[in-house]
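Following: one structure in structure tokens, then a few remarks.
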Amino acid sequence: MHRNERAISSVVGVMLMLSVTILIAALVSTLAGGFGGGSSSPDVPQSTLGMRAVLNNAGTPNNITYFDHRGGDPFSITQIRVVFQSQNNKTSLSSSDVGDTCLNFSVIGDSDATTVRAGDTFQVIGKYSSYTKNGNDISGIQFGNVTFWKDEEVSWRVIDKASGTTIATGSLFL
């Protein structure tokens with residue numbers, strides 16, 4: 001009987017050594033896989049933004065969309081795009097579009113401010129646009145050749161230009 005006990009003991013020992021070897025190999029593989037080939041893209045800010053729009057009367061040439069930074073990471077106004085979409089209308093705006101498709105794209109307050117932090121507001125100003133329907137004047141915000149009309153739902157996204165990743169998104173009825 002002593003011979004049988006030794007044989008079982010050898011098999012158990014080999015199995016334990018094999019299990020430990022596999023466990024170590026899996027651990028090394030997992031750790032090495034986490035260190036190689038990582039993404040080199042910059043950190044993309046994540047923020048909570050609220051949007052509100054002010055549609056002015058026909059006597060005022062501008063309609064304004066305000067974006068309130070409610071929390072999260074700060075970001076540079078020069079490093080973002082704002083995409084507005086409603087039904088088949090879509091436009092993408094950035095600070096470089098001032099004069100072409102929008103009248104203003106800036107942080108409210110300090111005229112030299114480019115960073116938007118929690119508590120700050122930035123604005124995108126479009127032209128006033130209107131048409132008459134059933135005797136009623138319908139107003140809207142015009143950005144270039146695209147107009148978003150009162151009582152339409154407009155979805156919006158604020159996108160980091162460098163990575164193309166969305167920082168914040170939402171929708172609202174004008």
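Within region 57-73, none of the residues are buried (at least 16 other Cβ atoms within 10 Å of the Cβ) and in contact with a helix residue (DSSP H, G or I) (Cβ under 6 Å, 6 or more places away or on another chain). What about Ser163, is it assigned by TED's automatic domain parsing to the domain that holds Gly71 and assigned to a strand (DSSP E or B)? No, not satisfied.
For region 79-89, the criterion of being more than 19 Å from Leu49 (Cα to Cα) and not polar (S, T, N, Q) is satisfied by no residue at all. Here Val44, Val12 are screened, and the one residue that is at pLDDT below 90, assigned to a helix (DSSP H, G or I) and either surrounded by 10 or more Cβ atoms within 10 Å (Cβ to Cβ) or in contact with a helix residue (DSSP H, G or I) (Cβ under 6 Å, 6 or more places away or on another chain) (or both) is Val12.
The values are calculated or read from the model by the stated rules, or taken from the named source; none is laboratory data. The shown structure was predicted, so the numbers you read here are calculated from the model rather than taken from an experiment. Every residue, glycine as well, gets a Cβ built from its backbone with ideal geometry; the counts of neighbours run over all protein chains shown.
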